[in-house]
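The next block holds one structure in the form of structure tokens; read it before the comments.
The values are calculated or read from the model by the stated rules, or taken from the named source; none is laboratory data. What you see is a predicted model; the values in this text were computed from it and never measured. Backbone-built Cβ (ideal geometry, glycine too); neighbour counts: all protein chains shown. Remember, those area values only see protein heavy atoms, side chains included, never the ligands or the DNA or RNA. Shrake-Rupley method; radii C 1.70, N 1.55, O 1.52, S 1.80 Å.
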Amino acid sequence: QVHLVESGGGLVQPGGSLRLSCTASETPFIIHVMGWYRQAPGKQRELVATMTNTDRISNADSVKGRFTISRDNPKNTVYLQMNSLKFEDTAVYYCYCRSLGNDYWGQGTQVTVSS
């Protein structure tokens, strides 16, 4: 069992920045994929960005050029630097990881973009 703890959400104006962090509890197993999904009200959960332990990145087209994902593998931590935030980025952001074929999710952190 892997436990994910997120931090860094909040309220920001359009054009602003936020940085999300997520740390996975200590596990003896390799975490192959870490990343972020988001869910806006009335919409399905969608991929934001993921990164493998070999640094392969997948990004949603809507965030390319604005969001940057990074990992600190020894610390089992993943970061999401979000710049040039837009109203449509408002959502609950969920940390995700995959280890030994199992998927794990954090509790979610709210990101609200509002003027």
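Contact map, the stretch 43-63: first residue at positive phi and in contact (Cβ under 8 Å) with a residue 24 or more places away in the chain, second residue among the hydroxyl-bearing types (Ser, Thr, Tyr) and part of a loop (DSSP other than H, G, I, E, B), Cβ cut-off under 7 Å, separation 6 or more or different chains; the map is empty. Going through the stretch 7-44 one residue at a time, which ones are at pLDDT 95 or above and among the charged types (D, E, K, R)? Those that are at pLDDT 95 or above and among the charged types (D, E, K, R): Arg19, Arg38, Lys43. If you check Leu100, Leu85 for being surrounded by fewer than 18 Cβ atoms within 10 Å (Cβ to Cβ) and hydrophobic (A, V, I, L, M, F, W, C), only one passes: Leu100. Which residue pairs have Cβ atoms closer than 7 Å, lie 6 or more positions apart in sequence or on different chains, and pair a first residue in the stretch 10-27 that is under 15 Å from Arg66 (Cβ atoms) and of a type in the set (Val, Ile, Thr) with a second residue that is at pLDDT 95 or above and open to solvent by less than 50 Å² (accessible area, probe 1.4 Å)? Between residues of the stretch 10-27 that are under 15 Å from Arg66 (Cβ atoms) and of a type in the set (Val, Ile, Thr) and residues that are at pLDDT 95 or above and open to solvent by less than 50 Å² (accessible area, probe 1.4 Å), the close pairs are Val12/Leu18; Val12/Leu85; Val12/Val113. Any residue that is modelled with pLDDT under 95, exposed (fewer than 13 other Cβ atoms within 10 Å of the Cβ) and part of a loop (DSSP other than H, G, I, E, B) - is there at least one of those in the stretch 45-54? Among the residues of the stretch 45-54, at least one is modelled with pLDDT under 95, exposed (fewer than 13 other Cβ atoms within 10 Å of the Cβ) and part of a loop (DSSP other than H, G, I, E, B), which makes the answer yes.
Among all positions in the stretch 70-78, there is at least one residue which is buried (at least 17 other Cβ atoms within 10 Å of the Cβ), assigned to a loop (DSSP other than H, G, I, E, B) and modelled with pLDDT under 95. For the stretch 64-87, taking the residues that are touching a residue at least 40 places away in the same chain (Cβ under 8 Å) and at positive phi, the one that is nearest to the chain's Cα centre (by Cα) is identified as Asn76. Annotation: Val2 fulfils all but one of (1) in contact with a Ser or Thr (Cβ under 7 Å, 6 or more places away or on another chain); (2) closer than 14 Å to Gly108 by Cα; (3) modelled with pLDDT under 95; (4) open to solvent by less than 30 Å² (accessible area, probe 1.4 Å); the unmet one is (2). For the stretch 1-19, which residues satisfy the criterion of being farther than 16 Å from Glu88 by Cα, of a type in the set (Gly, Ala, Ser) and either assigned to a loop (DSSP other than H, G, I, E, B) or in contact with a Leu (Cβ under 6 Å, 6 or more places away or on another chain) (or both)? Within the stretch 1-19, Gly8 is the sole residue that qualifies.
The set of residues in the stretch 55-69 that are part of a strand (DSSP E or B) and either within 20 Å of Glu26 (Cα to Cα) or of a type in the set (Ser, Thr, Tyr) (or both) comprises Ser58, Thr68.
Of everything in the stretch 20-44, what is open to solvent by 40 Å² or more (accessible area, probe 1.4 Å) and over 15 Å from Cys95 (Cβ atoms)? Give them in sequence order. Matches in the stretch 20-44: Glu26, Pro28, Phe29, Ile30, Pro41, Gly42, Lys43, Gln44.
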